[in-house]
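Take a look at the structure below.
The values are calculated or read from the model by the stated rules, or taken from the named source; none is laboratory data. Given the structure is predicted, the values throughout are model-derived calculations rather than measurements. Neighbour counts run over all protein chains shown; Cβ positions are idealised from the backbone, glycine included.
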Amino acid sequence: MPLAGLHHKFLVRLFQESDGEKETKRRVRARDIQHLPAGDPPAPRGKVCLSATQNAPRRRTGLRSRPKAGPQGRTINEASPWKRSFDCLLASPAGQSVFMEFLRTEHSDENMAFWLACEELKREQSEEQVCEKAKKIYLDYISILSPKEVSIDATVRESINRSLARPSVHIFNEAQAQVYALMHRDSYPRFLSSPLYKSLEQRLAALTCDA
């Protein structure tokens, strides 16, 4: 056989082997793909394939937390005893705040402010602080020149004037009692009939029905 023919047969056989190897590799790759989990495409070289569970959005679990009671909720719950007596109203910090808000609508909030200032003075133990706070209370609520002057008897005012040089924590006791009586007699009944308190009562009744 001529040399050219032998060379031709050798090349054909070489290419046939190469095609066979390619077919073998294709079958192996097809078999590997069949064994992959459903939904997971073959990963391209050089890249990491994330599973479907990793790519899926996370679901929020657990029960929703219940809203915490705010200052308004606490005020509604505390409003129930305020109708029993004026003292119950004054004993509640929330009651003091709501009653002060009502008095502002009547332009008489200086009465409550004076009463609270006297209560604070009674808790003071420092003699120096007692003197300073007593003078401030006098200038704010007792002096006839003050725009926030409370309504008290002239005899009580004179007694305070005489004691102001060396005040004690009880210097305003008589004046505080008169202002208390004024709020109790006039302001408190109007407060209980006011839209402000009626609104609190309605919301309290709604909370009671829902409980």
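Which condition from (1) touching a residue at least 40 places away in the same chain (Cβ under 8 Å); (2) more than 23 Å from residue 95 (Cα to Cα) is the one that residue 167 breaks?
The failed condition is (1).
Which residues, counting only those in region 178-197, are exposed (fewer than 12 other Cβ atoms within 10 Å of the Cβ) and either touching a residue at least 40 places away in the same chain (Cβ under 8 Å) or within 14 Å of residue 105 (Cβ to Cβ) (or both)?
Within region 178-197, 193, 195 qualify.
Starting from region 132-160, keep only residues that are on the phi < 0 side of the Ramachandran plot and touching a residue at least 12 places away in the same chain (Cβ under 8 Å), then list their pairs with residues that are aromatic (Phe, Trp, Tyr) and part of a loop (DSSP other than H, G, I, E, B) whose Cβ atoms are within a distance under 8 Å, requiring at least 6 positions of separation or different chains.
134/172; 137/172; 142/172; 160/172
In the set 166, 104, 157, 162, which member is among the basic types (Lys, Arg) and surrounded by 13 or more Cβ atoms within 10 Å (Cβ to Cβ)?
It is 157.
Select the helices (runs of 4 or more DSSP H) contained entirely in region 109-184, then report the ones holding at least 3 residues which are modelled with pLDDT of 95 or more and among the β-branched types (Val, Ile, Thr).
154-163
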